[in-house]
Amino acid sequence: MAILKSLSIFILAGLCEIGGGYLIWLCLKEDKPWWYAALGAMVLAFYGIVATWQTNNFGRVYATYGGIFIVMALLWAWKVDNFKPDKYDIIGAVIALVGVCVIIYTPRR
C-alpha cells in the first residue's frame, strides 16, 4: 500500500511539473494568452508542494522523480503532442524505471 501511495504522489507531481511547464511553453512558444503562463506557474508551485508529501528523504525522492519524469514526459509527448516514442525511448524509459525502483523501494536498515 505504501508503494501505491508513493507512486500516486510521483504521478501527481509529474502531471503538475509537465502540465505547468507545458502551459508556460504554450504561452511563450505558441502565442497563447498570458494567463496560460500564470496558471502554469501556479501549477509548478503546487508541484513543489506535492513532492514534499513523499516520506523518503529529499535526495532519493528527487532522484526517483527524475526517472519517473522521463516516462511521464514521453507519455505526455505521445498523447498530447502526437510524438511517437521509438524503441530506444522505450528502452531508456524502462532502464530509468528499474533504476528508480532500486533507489526508492529497496529495503534498507
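If residue 93 meets every condition in (1) modelled with pLDDT of 90 or more; (2) open to solvent by 60 Å² or more (accessible area, probe 1.4 Å) apart from one, which number is that one?
(2)
Mind listing whichever residues of region 50-109 are charged (D, E, K, R) and either closer than 14 Å to residue 11 by Cβ or in a helix (DSSP H, G or I) (or both)?
Within region 50-109, 60, 79, 87, 89 qualify.
Could you list, in sequence order, the residues of region 8-35 that are part of a helix (DSSP H, G or I), open to solvent by 50 Å² or more (accessible area, probe 1.4 Å) and either over 23 Å from residue 65 (Cβ atoms) or not β-branched (Val, Ile, Thr) (or both)?
Across region 8-35, the qualifying residues are 8, 12, 15, 17, 22, 25, 28, 29, 34, 35.
Does residue 80 count as surrounded by 17 or more Cβ atoms within 10 Å (Cβ to Cβ) and of a type outside the set (Phe, Trp, Tyr)?
no
Hey, any hits in region 50-62 for a residue that's over 25 Å from residue 106 (Cα atoms) and touching a helix residue (DSSP H, G or I) at 6+ places or on another chain (Cβ under 6 Å)?
No.
Would you confirm whether or not region 64-77 contains a residue that is under 17 Å from residue 104 (Cα atoms), open to solvent by 90 Å² or more (accessible area, probe 1.4 Å) and hydrophobic (A, V, I, L, M, F, W, C)?
The answer is no; no qualifying residue exists.
The values are calculated or read from the model by the stated rules, or taken from the named source; none is laboratory data. Keep in mind that what you see is a predicted model, and the values were worked out from it rather than measured. Methodologically, a virtual Cβ is constructed for each residue, glycine included, from the backbone with ideal geometry; neighbour enumeration extends over all protein chains shown. Side chains included, ligands, DNA and RNA excluded: accessible areas come from the protein's heavy atoms. Shrake-Rupley method; radii C 1.70, N 1.55, O 1.52, S 1.80 Å.
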